[in-house]
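Notes follow the structure.
Each reported figure results from applying straightforward, stated rules to the coordinates on display, with no laboratory input. Because the structure is predicted, anything quoted here is derived from the model rather than measured. Virtual Cβ from ideal backbone geometry, glycine too; neighbours counted across all protein chains shown.
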Amino acid sequence: MGRGGRDVEITAVGDDRVFTQAKPLDPPLATYTVSARGKAPNVPVFRFLRNQYGNVPLREIDSLFGFVEPSTLYGGRAFARRELSDRDVMQLNNAGIGIRLPMSNHYVDEREYEENMPLFDKYHREGNSVICTNDDLARWIRRDFPDFRLDASVIKNIKTNERIDEAMGLYDSVVLPMSMNEDLDFLEQIRDKDKITLFANAGCALTCPSKICYVSISEANKGGGAEFRCSQELKEREMHGMVDFPLEPYIELGFHRFKLLRARPGAVTGF
């Protein structure tokens, strides 16, 4: 008896019915690690991705890098507040998207590393990564938390094939400085292109002559009120705001891993 009291004839589906199988998607030409910069911990992570990176298909986002709970090992940016909540991390990992912990502080000793081991243990799983500048920290993490991927931070300022080869002895991937995007001849000579991350866009570090901010931020994240320092006060340089690189030349050379920054209001990073 159907709705309204009417008789409804039900037709059985035969066992030989053929269903069309969906064609698998081709692997993406590029994958991105994207910045969680400025994300409030109470903003759902997929809403943040939709609002800030809505032009990037979700399956092309390999990971997010940003602050979890406080740590003295952060570098690159001063720690102000948590950006990725426990719920964010769980949802990302369940969706096959990793997190990258930006532990790129220049300075670390073994006692400080041991104090941070509960944090590493909490996020230790395949698909998650740690970004390091200090090689001792990278070695300790490799020894104690082997499921983490290790990224050699852009702060290491690796610019030669010899230094790339040296870093590959410890790290799983190397992030090259923004300025190297402009040297296609050098990029073509790199052997392990699948282990290299290039920038998809660039901020003030593209033209910075000395990058003294990184050291001062490392000091500031230890506490104690260290003063922020910037070479903008010392040397004039061109400031372009945010620069978007055309990715086709890099993809044609064999690169497929890219780092995508989020601009501050005014389309700048830093000053």
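This ranking places 185, 151, 135, 121 by how few other beta-carbon atoms lie within 10 Å of each, fewest first, which gives 185, 121, 135, 151. Taking a point 7 Å out from the Cα of residue 22 in the direction of its Cβ, the residues of the stretch 59-79 whose backbone N falls within less than 18 Å of it are 59-61.
Determine, for each peptide in 200-213, 36-49, the mean count of other beta carbons within 10 angstrom over its residues, then list the peptides with the highest first.
200-213, 36-49
Could you give the Stokes-Einstein D for the stretch 69-111 in µm² per second, using the C-alpha Kirkwood radius, 20 °C, 1.002 mPa s?
Roughly 180 µm²/s, to the nearest whole number.
Residues of the stretch 147-172 with the amide nitrogen closer than 18 Å to a label point 7 Å from the Cα of residue 185, along Cα-to-Cβ, please. Under 18 Å, as judged by backbone N against the label point of residue 185, lie 159-162 of the stretch 147-172.
Each Cα pair under 8 Å and six or more residues apart adds its sequence gap; the mean of these over the residue count of the stretch 47-195 is a relative contact order of 17 percent.
Remark: spin-label model distance residue 122-residue 58 equals 2.5 nm, labels positioned 7 Å along the Cα→Cβ axis. Percent of Cα pairs in the chain per distance bin of 10 Å, from zero to the largest separation: 6, 26, 34, 19, 5, 4, 4, 2, 0.
Normalising the average separation of contacting C-alpha pairs (under 8 angstrom, six or more residues apart) by the number of residues puts the relative contact order of the chain at 19 percent.
Think of it as helices only: each DSSP H run of n ≥ 4 in the chain is worth -39500 (n - 2.57), and spread over all residues that comes to -7000 deg cm²/dmol at 222 nm.
Our compactness index for the stretch 49-163, the C-alpha radius of gyration over the empirical 2.2 N^0.38 Å, is 1.08. Of the trypsin sites (Lys or Arg not before Pro) in the stretch 173-207, the ones in a loop by DSSP (not H, G, I, E or B) with at most 14 other beta carbons within 10 Å are 191.
What pairs in 159/195; 39/122; 156/195; 159/193 have C-alpha atoms more than 19 Å from each other?
39/122
A full extension of the chain between residue 163 and residue 147 corresponds to an added length of 3.3 nm, given 0.36 nm per residue minus the alpha carbon distance. In loop segments of the stretch 71-152 as defined by DSSP, the GluC sites (Glu not before Pro) with at most 14 further C-beta atoms inside 10 Å of their C-beta are 126.
Projecting label points 7 angstrom from Cα along Cα→Cβ for residue 80 and residue 47 puts them 2.0 nm apart. Annotation: the stretch 114-181 has a Kirkwood hydrodynamic radius of 12.5 angstrom, from the mean reciprocal C-alpha pair distance.
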